[in-house]
Structure formats: structure tokens, C-alpha cells
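Presented below is the structure to which this report refers.
The values are calculated or read from the model by the stated rules, or taken from the named source; none is laboratory data. Worth saying up front: this structure is predicted, and the values here are computed from it rather than measured. A quick note on method: Cβ atoms are made from the backbone with ideal geometry, for glycine too, and the neighbour counts reach across all protein chains shown. Heads up: the accessible areas ignore ligands, DNA and RNA and are worked out on the full protein's heavy atoms, side chains in. Shrake-Rupley method; radii C 1.70, N 1.55, O 1.52, S 1.80 Å.
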Amino acid sequence: MGYFRLFCELSASNMQVRTYLEAKTGSVFLSITFRKKRFYLSTGLHSDKKFTGTEIPGSASKRHRLRQIVNDCEDYMNLNPKETVNQMRQHLKDLISGSQTAENSLSGIIAQFGKLRPSAGTVAVYLLTSRRVDEFDKSATLEDIDHKWLDAFYKHELDKGRMVNGIAIDMRNIRAAINWAIDNGMTDNYPFRRYRIKSEATRKRNMSDSQLRELKKHQGSVYVDVMLLLVYLRGINISDLLDATWGQIEGDRLEYRRNKTGQLFDVKIEPEARAIIERYKGTEHVLYFMDRSRDYHTFLRNMNRRIKKIVPGISSYWSRHTVASIASQLDVPTDVIGRILGHADPAHSTTNIYINFDMSKVDRAMRQVIDYINRI
């Protein structure tokens with residue numbers, strides 16, 4: 001096909017996502033390796049210049065789009081490892097293109113609602129749910145859905161070899177779209193009344209005291225320092241941390257919108273976090289890594305490899321679970337832990353509209369968590 005390689009392996013084992021540039025046309029493709037088979041998918045993007053990583057030359061929106069496509073494809077492959085190659089090819093193609101469905105069908109309603117979500121990644125997830133519903137029952141409308149239909153859809157997806165928790169995401173997306181349709185006067189039918197969405201417990205991803213102790217022995221190493229900084233900043237996502245600029249810091253507070261959800265966070269920068277920031281201080285960005293390269297995937301991959309050599313099995317994502325776990329051990333109230341992680345209390349969602357939550361409770365809880373880590 002006349003491609004030359006631009007991006008190194010992003011995923012382990014037999015699942016790989018790479019970017020390729022077609023030299024003659026300037027078209028950017030993804031090379032997907034899945035179940036030891038390789039296929040190519042167009043990203044719809046073009047470049048007349050060579051580039052490294054996902055840093056395609058051009059506007060910030062263009063760079064963001066390529067990053068998002070790679071992230072979405074990686075996430076989908078990891079969530080659906082039992083699909084066939086043909087299923088994976090079609091679903092990734094749909095994910096990238098955002099296939100259209102009839103707007104008055106259930107799948108169309110799901111797609112309409114999904115496109116209102118604040119994050120491009122979340123939009124893509126809803127479009128995939130829409131596609132699966134369309135494949136299962138193209139003619140289904142809001143009035144057709146009942147417990148029997150939901151059970152049949154669940155069994156259909158399970159028979160395809162999908163994981164229970166992956167199907168649960170689709171079921172919750174269907175429920176959210178139907179709730180939206182009810183709120184907008186499109187239907188009065190609510191099929192999820194007394195219906196339980198099946199899910200399985202997932203493995204906990206919090207570091208134990210001994211793992212934290214081992215990690216702390218290597219403080220001063222860039223990747224260990226960044227891992228600890230993720231914890232000190234309330235389990236901030238690595239992409240949000242690396243994207244943070246000095247304009248988002250005022251005094252001892254970091255304010256940012258989470259890339260994944262668009263949710264606003266206001267995080268206190270404790271002295272331990274400030275010391276790490278000063279050590280790797282950037283010019284435009286808070287940390288200098290993104291001043292040098294906008295490809296955070298390479299940084300994350302190298303970081304996880306280094307961290308796993310020190311403490312086998314863990315990754316940057318464990319920081320978020322670790323904060324929650326330690327806070328729970330310290331008897332921090334559940335609602336405060338939820339606020340630390342950015343979760344609203346679903347049982348009091350209406351009340352939350354009228355209450356300005358006292359964020360000093362979150363600050364005090366995080367100080368307790370950091371003090372605990374210091375004592376280990």
C-alpha cells in the first residue's frame with residue numbers, strides 16, 4: 001500500500017494500533033493487528049508532512065482528533081477481546097466514522113443522545129451501542145422495549161463472546177438514552193423499572209502499603225515522581241496532568257476539565273505535589289514533557305514499563321483507585337471520596353443542584369491520604 005511506519009506499538013500482546021501515512025496521497029491510516037491478523041482503516045485525516053507519534057501537523061483540533069481515534073480504538077479492543085477479526089474491523093470502522101442510523105429508531109435515539117455528550121470518547125461509545133442495537137433489531141422503537149427485549153439483547157451480545165461488563169456499558173447507555181427520551185416527551189415507556197443490569201466484580205487496582213513503600217524507594221526517578229504526583233493530585237488522569245498549563249494554576253489550586261468527561265476539577269496542590277512540579281517545571285505546560293513533545297502516549301507507555309519493573313502489575317491508572325482505597329481506610333465519608341474522584345451522588349442528584357459542596361472537606365481528606373503515604 002506504500003505506507004511507511006510513523007508510530008510504534010501502542011498495545012501489548014496480539015493487539016496493536018499503529019498510525020501509517022500513505023506517502024502518495026498523504027492519507028493517514030490506522031494499522032490494526034488483532035488476533036494475529038492485520039487490517040487498515042482510514043482515519044479521514046491527511047498530512048503533507050511526515051510526523052511522529054500522533055502529532056499530526058496542523059491545527060490543535062486535528063491533533064486531538066487523531067489522538068482520540070487511537071485512544072478509542074485501543075479502548076474498544078481492550079474491552080472486546082473475544083470479537084472475531086471481521087467484527088472488530090467493522091466496529092472500529094463504525095467507531096471512527098460514526099455510522100448513521102434512522103433517527104426515529106431506538107438506535108437512532110441512542111445516537112442522538114450520545115452526540116450530546118461532552119467528550120468525543122463518550123460520543124464514540126454511544127455510537128457503538130447504537131450500532132449494536134441496530135444490528136440486533138434495526139426496527140426497534142422506544143415503545144418496543146421491555147424486559148423480554150432487554151434480555152434478548154443481552155443474550156445476543158453474550159453469545160457473540162462479549163464480556164459481561166462490556167455489555168453492561170451498552171445497557172446503561174440504552175437506559176440513559178431512554179431517560180433522555182422520556183424527559184423530552186418522546187415516550188412514556190420505561191423498560192428498566194425493576195430490571196437489574198448484570199455486571200461482574202472487577203479486580204481492584206489499588207496499591208498496597210508494601211507496593212507504595214517499594215515505589216517510594218525510587219523517588220527522584222521521573223516516572224515514579226509522576227506516578228506519585230498523580231496520587232497527590234486526587235488521582236488525576238495522566239493526559240489531564242500532561243496537558244495542564246500554567247494558566248490553569250492560581251495560587252495553590254489547579255483547575256482543569258477532565259479530557260474524558262469534560263467535568264471541571266479544582267484540586268489543591270499540596271507541598272508534596274508542588275515539590276514534584278518544581279522539579280519538572282515546564283514553560284507552557286506545568287510539566288516540561290509536553291513542551292518537548294505533544295505525544296503523551298509515548299510518555300505513558302514508557303512510564304508504565306518503568307513502573308511495572310519496580311512494582312509488577314501496576315500502571316498509572318492505579319493512582320485513582322489507590323486514593324479511594326486509602327481514603328476509605330481512613331474512614332473518609334463515602335460522599336467525600338466520591339467528590340475526590342469527581343463522582344456526583346446519584347441518590348441526591350437533584351439536591352446537589354442546590355447545594356454548593358464544601359470542597360474543604362475534599363482538601364482535608366486528601367491531606368489525610370498524603371500524610372498516610374508519608375508514614376508508610
SASA check, Leu264, accessible area w/ 1.4 Å probe, all protein chains in place, rounded to nearest 10 Å², comes out at 90 Å²
Taking the Cα centre of the chain as origin, sum charge times position over the Cβ atoms of Lys and Arg (+1) and Asp and Glu (-1), and report the length of that vector in debye to the nearest 20. 1440 debye
Projected convex hull area of region 198-345, Cα atoms, direction-averaged, in nm², equals 9.8 nm²
Looking at the chain as a GNM with Cα springs under 10 Å, which of Arg67, Arg193, Arg89 has the largest mean-square fluctuation? Arg193
Of the listed peptides 210-221, 312-323, 239-250, what is their order by residue-averaged count of other C-beta atoms within 10 Å, with the highest listed first? 312-323, 239-250, 210-221
Provide the percentage of antiparallel DSSP beta bridges, counting only those with both residues in the chain; round to the nearest 5. 95 percent
Taking R0 as 35 Å, what FRET efficiency do you get between Arg35 and Lys260 from their Cβ-Cβ distance, rounded to the nearest 0.05? 0.80
On a 26 Å Cα-Cα criterion, which of the cross-link pairs Lys160/Lys198; Lys49/Lys82; Lys62/Lys268; Lys24/Lys82; Lys198/Lys309 come out too long? Lys49/Lys82; Lys62/Lys268; Lys24/Lys82; Lys198/Lys309
Between Met186 and Ser42, what length comes free when the chain is fully extended (0.36 nm per residue of separation minus the Cα-Cα distance, one decimal in nm)? 48.2 nm
Check: region 116-246 dipole with +1 on Lys, Arg Cβ and -1 on Asp, Glu Cβ, in debye: 580 debye
Region 247-288, relative contact order in percent, only Cα pairs under 8 angstrom and at least six apart counted: 24 percent
Cα convex hull of region 275-328: how many Å³ per residue? 111 Å³
Any chance you could list P(r) for region 133-239, counting all Cα-Cα pairs in 5 angstrom bins from zero, rounded to whole %? 2, 9, 15, 15, 10, 7, 8, 9, 9, 7, 5, 2, 0
What number, in percent, do you get for the relative contact order of the chain if the mean sequence gap of Cα pairs under 8 Å and at least 6 apart is divided by its residue count? 11 percent
How large are Rg and Dmax for region 33-183 when calculated on the C-alpha trace, in angstrom? 16.4, 54
Thr52-Lys160 FRET efficiency (beta carbon distance; Förster radius 30 Å; 0.05 resolution): 0.20
